[in-house]
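A quick write-up on the structure given underneath.
The values are calculated or read from the model by the stated rules, or taken from the named source; none is laboratory data. Since we're looking at a predicted model, the values are computed, not measured. With ideal geometry, Cβ positions are generated from the backbone for all residues, glycine too; neighbour counts draw on all protein chains shown. For accessibility, only protein heavy atoms count, side chains too; no ligands or nucleic acids. Shrake-Rupley method; radii C 1.70, N 1.55, O 1.52, S 1.80 Å.
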Amino acid sequence: MTFTKHIPSSILKIVKIYGAAIVIFTLFRGGLLLAQWSSQSANLKASEVLKAFIMGWRFDTVIASYFLALPFLLLTIGLFTPKLERGLTHITKWIILLLFTFGFGISAADIPYFNQFFSRFSVAAFEWMDSPVFVFKMIFQEPKYGLFILPFLAVVFVFYRFVTKTFKPEMEKPAKGQLPYKIAFSTLVALLLFVGIRGRLAHKSPIRVGTAYFSNNPFINQ
């Protein structure tokens, strides 16, 4: 399409990374559902499960938008400053890998943690103990929980390959348009990231933990 030729490669990178991250976060959410299926399936309704995944996508978008804010800023600076573009692109690649590896690690640890405490893994998990090591010892003292390390490592490997390919020089796609297109697309993505961080379009407060509580089923809300 002629229109897509005007999209700068830096914008396409952000879009691709967001898409890949959401898929991975959704897979981890599905893993949590499967891990609890035997004990929860009798109380689950398909419509509520679907709504829970949609709600999960909203929360995952918040995290992904926060993680992509700095990379987007660096890539945008490079877009308008060609002399800095190569160096900033290289730095951005590693920032993305570090941030999302951390996010995927939390998602992987979340499943055995939930199995143990019926609560999502969050900052609150550390508030009642002196050392975070204590949490991980309780989670992984069960040998079966160690199996969750394997999908995490697999996800990190696949994501690393995807990001590396996305940031390859030969994958660069120079935009056909001039300055107006760069400004227009950069502004659009900046607005989308802002909305993603807020978690909603409404004028009221940004998305909160309480937003997830829409059902009478506590597992669905979690």
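Data overview
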item: Extended-chain gain in nm, criterion 0.36 nm per residue less alpha-carbon gap, HIS203 and ILE106; result: 31.9 nm
item: In Å², nearest 10: area of VAL23 left accessible to a 1.4 Å probe; result: 80 Å²
item: Fully extended contour minus Cα-Cα distance, from ALA46 to PHE59, at 0.36 nm per residue; result: 2.7 nm
item: Heavy atoms of THR61 accessible to a 1.4 Å probe, total area in Å² rounded to 10; result: 20 Å²
item: FRET efficiency estimate (nearest 0.05) - Cβ-Cβ, VAL195 to ILE149, R0 45 angstrom; result: 0.85
item: Gyration tensor (Cα) of the range 22-124, equivalent ellipsoid semi-axes in angstrom; result: 36, 14, 9
item: Gap separating the Cα centres of the range 86-110 and the range 1-41, nearest whole Å; result: 15 Å
item: Rg followed by Dmax, in Å, when the range 1-63 is reduced to its Cα trace; result: 16.5, 52
item: Using a Förster distance of 35 Å, the FRET efficiency for ILE95-SER38 (Cβ separation, nearest 0.05); result: 0.30
